[in-house]
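Structure, as C-alpha cells:
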Amino acid sequence: KRQIEYFHSLPASLQGAETIRNGATAMQYFARANRQLGDLDIAIKSADESVQRLEQLRRQGDGSEATAIALGLGYAMQAQILDNRNDPAGPVTEQRSLAILRPIAEAPGASVASRRAYVESLVRAGFEDANSNQYAAGIPLLEHAMQLAQDLGARNLADVDMAAYYAESGAWYATCLVFLGRDA
C-alpha cells in the first residue's frame, strides 16, 4: 500500500511514462497479493487503478510494447479478481487482455516479454472456457499456450514459470478433452 501512496505523492514532473507504467505494474503486484490473501476489495481497486493509468498513457499516445504488455497483464489481473467474485465480466475482461497482447506476441520477431505475457493470458482464457463449460473454445487457446510455453523453455525447464504455465495449460486441456468425450 505504501508503494501506491508513494506513487500518488510524486510531483507531476516525475510522473513520466516509465514511472507511471512501473507504478501501474506495482499496483498489479499489490492486487495479486491481496487477491491471494482473499481481500478482493483492495485487489480490484488496485487492479482497476493500474488499468486506468495505463489506458491513460495509451490515450496520450504511448504505443510502446512495454505499456501494451503492462495493460494486457492488468486486464488479466482484473479478470482473475472478477472471476473470484463470480462476476460475469471476468471472461470479457480477459478477452481485452488477449486482444492487446495477441498482435504484439504473434508478430514476427516478437519479444520474449510479449510472448510470456500472452501465455499467461491464454492460460487464463482457456481456464475460463473450461470453467464455464465452453470446452471446445478452450482447447485451441490451451494448445496455443502450451506451444508458446514450450518454445519459451517450458519442457526443458529453462524457464520454470513457463513450465508451470505449460503444466496448467495441459491440465485444463485434459479437462476440456475429457468433458468433450475425447481421450486425453
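Tabulated values for the structure
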item	result
Unique match (being open to solvent by less than 20 Å² (accessible area, probe 1.4 Å) and either in contact (Cβ under 8 Å) with a residue 12 or more places away in the chain or farther than 29 Å from Glu143 by Cβ (or both)) among Ala117, Ala12	Ala117
Criterion: surrounded by fewer than 16 Cβ atoms within 10 Å (Cβ to Cβ), more than 18 Å from Leu141 (Cβ to Cβ) and either touching a residue at least 24 places away in the same chain (Cβ under 8 Å) or hydrophobic (A, V, I, L, M, F, W, C) (or both) - qualifying residue of Ala99, Ala107	Ala107
Selection within the stretch 127-175 - within 18 Å of Ala105 (Cβ to Cβ), open to solvent by less than 40 Å² (accessible area, probe 1.4 Å) and charged (D, E, K, R)	Asp159
Qualifying residues in the stretch 79-96 (those that are in contact with a helix residue (DSSP H, G or I) (Cβ under 6 Å, 6 or more places away or on another chain) and within 19 Å of Glu143 (Cβ to Cβ)) - the one modelled with the highest pLDDT	Glu94
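The values are calculated or read from the model by the stated rules, or taken from the named source; none is laboratory data. Remember, predicted model here, so these are calculated numbers, not experimental data. When we count neighbours, we look across all protein chains shown, and the Cβ atoms used for this are built from the backbone with ideal geometry, even at glycine. Remember, those area values only see protein heavy atoms, side chains included, never the ligands or the DNA or RNA. Shrake-Rupley method; radii C 1.70, N 1.55, O 1.52, S 1.80 Å.
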